[in-house]
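What follows is a structure written as structure tokens; I'll ask about it next.
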Amino acid sequence: MHGEQGAMICTAKIVETVPWIDAKYYASTQVMDEARHVEVFAKYLDTKLSGHYPVNAHLKMLLDDIVNDSRWDMTYLGMQIMVEGLALAAFGFIHQLTTEPLLKKLLRYVMSDEARHVAFGVLSLQEFYAELSDAEIFERQQFAFEAAVRMRDRFLQQEVWERMGVPVKDALELVMLTPTRQMFQMMLFSKVVPNCKKLGLLDRNDKWLRHRFEEIGVIQFEDWADTASELEGFALLESDIRST
């Protein structure tokens, strides 16, 4: 839910700062999408579960950095590519595992929106980044990697263990030994790595970002379909709409 709140704020900033009128039009529709996502996740958490937690510290730091950077493309990169890309992968993983029918349907609709948002970011930045200098690209590479690490750590759920009174360090050591959690942490990057490759970020500056992704063990996703290429697969089918 907090990621969707951040997306709503960041996309509103894109409407203000992006230089192309067509991008402003699209971003304005995304603001409405994000508001709908915030509303539905908040309602699900409050009515079907026991409420929600405060915003995760890793996510808050990342959102602050995205909002406070004055460059329009950094807002795109931080939100459309990194935050939304990791969220899309996480939603897809949960959608496959959950047997709760309402959550499964909710995620199906949200994923359809999120895929469009990520594809919009990839298409908007691809040509722009091709014209940037190596120094400018290096800033984007560093920002992308820092965002990826923060989002990865966000999903470790430290705040849950704290509320339960369990030592966080001990809990994380045990949780990270489980195959499902290891797979989840890796699959988070299944959308981000190919999208960074399509933007030309992996191999500029002596392959700096490629080496960083190799260090954290996720470079194997580089040849997976980028979100712009697989967008059609996320579209809602007539059967999805009829079943609501």
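Of everything in the stretch 110-142 that's within 18 Å of THR11 (Cβ to Cβ) and over 14 Å from the mean Cα position of the chain (by Cα), which residue is surrounded by the fewest Cβ atoms within 10 Å (Cβ to Cβ)?
PHE128
Across the stretch 117-171, which residue is farthest from PHE213 (Cα to Cα) among those that are of a type in the set (A, V, I, L, M, F, W, C) and not in a helix (DSSP H, G or I)?
Here the answer is VAL166.
Out of THR47, THR29, THR98, I need the residue that is loosely packed, with under 14 Cβ neighbours inside 10 Å, without any contact (Cβ under 8 Å) to a residue 12 or more places away in the chain and under 24 Å from THR227 (Cα atoms). Which one?
Only one candidate qualifies: THR98.
Could you tell me whether ILE9 is under 15 Å from the mean Cα position of the chain (by Cα) and surrounded by fewer than 18 Cβ atoms within 10 Å (Cβ to Cβ)?
Criteria met by ILE9.
Looking for whichever is touching a residue at least 40 places away in the same chain (Cβ under 8 Å), part of a helix (DSSP H, G or I) and not small (Gly, Ala, Ser) here; the options are LEU107, LEU77. Which one fits?
After ruling out the rest, the residue left standing is LEU77.
If you scan the stretch 17-61, which residues turn out to be more than 18 Å from the chain's Cα centre (by Cα) and not in a helix (DSSP H, G or I)?
VAL18, PRO19, TRP20, LEU49, SER50, GLY51, HIS52, TYR53, PRO54
If I go through the stretch 89-123 residue by residue, how many of them are of a type in the set (S, T, N, Q) and in contact with a helix residue (DSSP H, G or I) (Cβ under 6 Å, 6 or more places away or on another chain)?
2
May I ask you to verify whether VAL122 is at pLDDT below 90 and either under 16 Å from LEU201 (Cβ atoms) or among the β-branched types (Val, Ile, Thr) (or both)?
It is false that VAL122 is at pLDDT below 90 and either under 16 Å from LEU201 (Cβ atoms) or among the β-branched types (Val, Ile, Thr) (or both).
The values are calculated or read from the model by the stated rules, or taken from the named source; none is laboratory data. Being a predicted model, the structure only gives us computed values, none of them experimental. Cβ: placed from backbone, ideal geometry, glycine included. Neighbour counts: every protein chain shown.
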